[in-house]
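The values are calculated or read from the model by the stated rules, or taken from the named source; none is laboratory data. In this text, all values refer to a predicted model and were calculated from it rather than measured experimentally. Cβ placement follows ideal geometry from the backbone for every residue including glycine, while neighbour counts extend to all protein chains displayed. Surface accessibility is based on the protein's heavy atoms, side chains included, excluding ligands, DNA and RNA. Shrake-Rupley method; radii C 1.70, N 1.55, O 1.52, S 1.80 Å.
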Amino acid sequence: MDTIVIGGGQSGLAAARALREAGLTPVVLEAGEHPTGSWPSYYDSLTLFSPARYSALPGAPFDGDPDRYPHRDEVVAYLQRYAARLDADIRTGASVTAVRADSGGGFIVELADGTALPAPSVIAASGSFGNPHLPLLPGQETFTGQILHAAAYQTPAPHAGKRVVVVGAGNSAVQIAHDLADVAAVTLATRAPIRFVDQRPLGRDLHFWFAITGFDRLPARRAEAPPTVPVLDDGRYRRALADGRIDRKEMFTGFDTNQVIWADGAREHVDAVVFATGYRLHLPYLHALGGVLDSSGRPRQRGGISLTHPGLGFLGLEWQRTPASNTLRGVGRDAAHLARHLARHLKARRSTRTRARAWR
């Protein structure tokens, strides 16, 4: 094997294809039972905010109407088909516990079952879904209602007839609140008013305009996504707020037994709080490679290429190279860029070894 890819979701599969096209032999290690990443774990009603024609990985468009917005289960099935068609060794149930440097300039990838796999290059493509960010507010530890992150939310049924607060102002928060509004009394708690963007300006999906203007390919000038991302809306979410089906209040300041304390000091009984507060990058298996991560746990990288360890790459980071880096539609371009770099690195490595042997 030339490259071990850690993670078999959308980023890992895009990496495998790009590596094969670059003439390399990848092995993909996926901790789960299927090469679908975190998609099966998302909430039941999730639909993409980009049409099928703009949501595919390289080389395999979605089947069916290209202008529809695929459901979560469609994406899962799509990724399974994509993996089956790849000419790559994909190993499921392969949980990576550590990556270590070997004496020859490559890496040793250690698995939970005790297996140790050598490889001259490694791509970390495991994403951040396994590390949901849950803020800690005063009184939270004694709150008698239910607290869950959006990662654990599946369906509105358990919340029927209850009072629920959804924390967050992004697409997931608004979509979950809308999902719950059919069966529960729902408030969106946000620190600022929700910013909406028309999903279909001038009758065309926003991603059509991203494509023709080149927005999706703009070079990222930040190490991470902007602090607030507008909510794409075809009108349903704004109507729900205007009609009172969903309430919006300034973020509460804390908990008190079975209540939340709102910013104006008012207290209200709440049955459940859903934190749609995102995820944090989680790369614990790289700690053995000294210096590869900064003090906040983010990789020291540029464009997905490690600044500290030649032969190590990253894929699926927010704003890695473009605004679309961590999406189905954008990760393929980053994968191709990284695969070309690793091919050059491995070619140079082999050339150096050949010269070294000649001098012996």
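Restricted to region 118-174, the set of strands (runs of 3 or more DSSP E) holding at least 1 residues that are touching a residue at least 40 places away in the same chain (Cβ under 8 Å), open to solvent by less than 10 Å² (accessible area, probe 1.4 Å) and touching a strand residue (DSSP E or B) at 6+ places or on another chain (Cβ under 7 Å) comprises 121-124, 163-167. Only one entry of Gly313, Gly304 meets the criterion of being closer than 28 Å to Ser50 by Cα, open to solvent by less than 10 Å² (accessible area, probe 1.4 Å) and touching a residue at least 60 places away in the same chain (Cβ under 8 Å), and that entry is Gly313.
Screening Arg68, Arg81 for residues that are in a loop (DSSP other than H, G, I, E, B) and either open to solvent by 50 Å² or more (accessible area, probe 1.4 Å) or modelled with pLDDT of 95 or more (or both) leaves exactly one candidate, Arg68. In the set Ala242, Ala276, only one residue is buried (at least 18 other Cβ atoms within 10 Å of the Cβ) and within 19 Å of Ala177 (Cβ to Cβ); that residue is Ala276. Among the residues making up region 76-90, those that are more than 21 Å from the chain's Cα centre (by Cα) and either in contact (Cβ under 8 Å) with a residue 60 or more places away in the chain or farther than 22 Å from Ala336 by Cβ (or both) are Leu86, Asp87, Ala88, Asp89. Taking the residues in region 323-343 that are assigned to a loop (DSSP other than H, G, I, E, B) and open to solvent by 50 Å² or more (accessible area, probe 1.4 Å) as candidates, determine which candidate is nearest to Gly127 (Cα to Cα). Of everything passing the filter in region 323-343, Asn326 is nearest to Gly127 (Cα to Cα). For Arg221, the requirement of being over 19 Å from the mean Cα position of the chain (by Cα), farther than 21 Å from Leu48 by Cβ and either at pLDDT below 95 or open to solvent by 80 Å² or more (accessible area, probe 1.4 Å) (or both) is met.
For region 25-61, a residue qualifies if it is among the hydrophobic types (A, V, I, L, M, F, W, C), surrounded by fewer than 21 Cβ atoms within 10 Å (Cβ to Cβ) and more than 23 Å from Trp319 (Cα to Cα), and the qualifying residues are Val27, Ala31, Ala60.
In the condition set (1) within 18 Å of the chain's Cα centre (by Cα); (2) surrounded by 18 or more Cβ atoms within 10 Å (Cβ to Cβ), Asp73 is compliant with all but (2). Got a number for residues in region 175-187 being in a helix (DSSP H, G or I) and either touching a helix residue (DSSP H, G or I) at 6+ places or on another chain (Cβ under 9 Å) or farther than 18 Å from Ala152 by Cβ (or both)? Total meeting the criteria: 5.
Criterion applied to Val109, Val96, Val164, Val122 was being more than 30 Å from Ile305 (Cα to Cα) and not small (Gly, Ala, Ser), and the one residue passing it is Val164. Kindly indicate which of Gly265, Gly297 is surrounded by fewer than 16 Cβ atoms within 10 Å (Cβ to Cβ), small (Gly, Ala, Ser) and at pLDDT 95 or above. Going through Gly265, Gly297 in turn, just one is surrounded by fewer than 16 Cβ atoms within 10 Å (Cβ to Cβ), small (Gly, Ala, Ser) and at pLDDT 95 or above: Gly265.
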